1. So how do B:LYS290, B:LYS85 line up by other beta-carbon neighbours within 10 Å, fewest first?
2. Place +1 on the Cβ of every Lys and Arg and -1 on the Cβ of every Asp and Glu in chain B, take the dipole about the Cα centre, and give the residue among B:VAL93, B:ALA350, B:THR260 whose Cα lies farthest towards its positive end.
3. To the nearest Å, what is the center-to-center distance of the range B:180-256 and the range B:1-77, using C-alpha atoms only?
4. Name the residue, out of A:THR232, A:THR132, A:THR173, whose mean-square fluctuation peaks in a Gaussian network model built on chain A with Cα pairs under 10 Å.
5. Helix B:93-103 sits at what angle to the longest principal axis of chain B, using alpha carbons and giving 0 to 90 degrees rounded to 10?
6. If you plug each phi of the range B:123-130 into the Karplus form 6.51 cos²θ - 1.76 cosθ + 1.60 with θ = phi - 60°, what whole-Hz ³J(HN,Hα) values come out, in order, with x for Gly and Pro?
7. At a threshold of 8 angstrom on Cα-Cα distance, excluding pairs fewer than six apart, so keeping six or more, what relative contact order does the range A:78-147 reach in percent?
8. Restricting attention to the alpha-carbon atoms of the range A:126-270, what are Rg (one decimal) and Dmax (integer), both in Å?
Amino acid sequence: MRTKHRLPDPCLISFSLIGGLIVGLTVLALLNLAVKELSDIPFLISTASDSDVINAIVVTMGAGLNAVLILLIIGTPLAYVLARTDFRGKGVVESLVDIPIMLPHTIAGILVYLLFMRRGLLGAPLYAAGFTFEDAYPGIVIAMLFVSAPYYINSVREGFEKVPVHLENVARTLGATRFQTFMRVVLPLSVRHIFNGSILAWGRAIGEFAAIIMIAYYPFVISTLIYYTFTTSGIKASSAVAFVMILACFAAFIILRLLTRYTGRYDDRV
Amino acid sequence: MIEAQNITKIYGEMEVLHGVDLSVGEGDIMGIIGPSGSGKSTFLRILDLIEPPDSGDLSLFDVNVVKERDRVVEVRRRMGMLFQKPIVFNTSVYENVALGLKYRHVGKNEIDRSVKELLEEVGLARYLHSNARNLSGGEQQRVSLARVLVTDPEILFLDEPTANLDPKSSKTIERLVTRMNRDRGMTVVMNTHDMLQGQRVAQRIGVMIGGDILQVGSPREIFYAPESTKIANFVGVDNIHDGKVLRREHQITAVEVAGTILYVGESPPEQSDRVKVIFRGEDVTLGIGKTAQTSARNILNGTIAEISDIAPFVHIKVDCGFPVSALVTVRSAEEMDLSEGKPAWVSIKASALHLIAESEESEG
């Protein structure tokens, strides 16, 4: 397997150089910020220990996690249906699932806002029942859910599609119900995709800004806080908050990626 | 036991089954033979309620499962299916075999007893705790069979169960299936493209070609009296010739084929005088030199036109005004010292010949 480590092919070498540009751009941007921030450590520490910053990070990551938990419950069944069935209008459903990917996020924000505001179609009855979305934590979760759903659903659907239908058929011929088959055969073999889909969706959720501020400017998520700091205190203050968030995200994603190594099994493929 | 009527199945634009009828009685072993891609597997999956038909009626154990969809799982649990590919789950042999009973929430002790008993029967008791994935293909298929049989199905569906298996595993599977049929009265429906297997195991055979079951009958009827040339071709009839019915005398029909009169031991079809005369190569006796004394009604002289080896037989084509194909063993071919161009005679009993009405061909 030595060829895996070398790139003797001129084509691969040139592709790598071209592809390196995009990686280089990211590295350059990060280094540029890091050098600036690390040149003033005391300010960075004071920013990182600022309760507003900590709160915003906790709210962002927590709401993202909430959105993912909801997706696990309502997105997983949809992914299975899309993976295993063929029905008239499936293309329409697929397009509807993907809409949040294409839409400008301000539009997603308006859609969510109109639906969940106090006088909104769903917002009004829920408000009457005691749930507030405007400028409230649930509003953040709903906005995140809306924009991250396609990433989760598509990823999990791909996982379900990779489970051989044969295995499901065998389970069913042995007397398993559809649901038993799903729980005992399909889910265990798709854990890795579900995990990856969750990470993708979570990443997408915590990065959301436009859709969130439409419905919930408060409590601050990290993007709102950075924007707010930028407009009120300038670039130095806001870039410090940004750097703290970058460090937090890095830590979280590294831990999650490490976990994927030990998640799920692939070896039941026929 | 199984009553399927007018079953159709469409995948996208393609109609895979066009109105299949089949009826299987309790305790029967029904073979379904047909070329690859003829819809056999799809039909079996429909019968085992893994997929619903697009139209048609299906009754199993007198339950109309098309109308009573809510009874599908209950009915499916009285049946079992073995697939062509050995499919085992990535766990121990024991756990694999126990699966069906676990789905049925059977008690632990009973599972333990049944699993061990079945593994003994398929000769895999020593692999109880091995990972099923580490076994050979044939052993995996035996695990799969044990896994089905442990649920004691009243109907067993077999989808080409021994394709690509070693002879020992094939034999074990055939033996077990026929024994389960005999001892427990298990109804069996088996897909196979191995016609010898079909003849060996099945009491009745259905021929499925192009998404339709064209003929159902005893192995003898299917192989010696196919209803169309399409079936005749599929079941390996070597000789199919155009003929014209001349007359009928004492249970014997005289048919003219390329200027030669052949005597056929059955009545001509009623529709027309134009017929196809068919007979199998193994029913043709071939000789050289002086014509032997034989009771066969049809004795023709000709010259050997072609010799081809299809071990363990040799396929000889003799030109008797029309080509007659004969199958002889390699040993007798050697003894007769056959060569192309050599004069030879063939004899065919009238009872070995079968007539198909020409008009039926247009339907196929």
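1. On the way: B:LYS290 7, B:LYS85 16.
So the ranking, lowest neighbour count to highest, is B:LYS290, B:LYS85.
2. B:VAL93
3. So the separation of the two Cα centres works out to 22 Å.
4. A:THR173
5. Here the helix axis deviates by roughly 80 degrees.
6. Those phi angles translate into x, 10, 4, 6, 9, 2, 9, 6 Hz.
7. Numbers: 44 pairs, mean separation 17.1, N = 70.
Across the range A:78-147, relative contact order equals 24 percent.
8. Calculated on Cα positions, Rg and Dmax stand at 20.4, 67 Å.
Every number here is computed from the coordinates shown, using simple stated rules; none is lab data. Fair warning: this is a prediction, and the values are worked out from it, not measured in the lab. For neighbour counting, all protein chains shown are included, and Cβ atoms are generated from backbone atoms with ideal geometry for every residue, glycine included.
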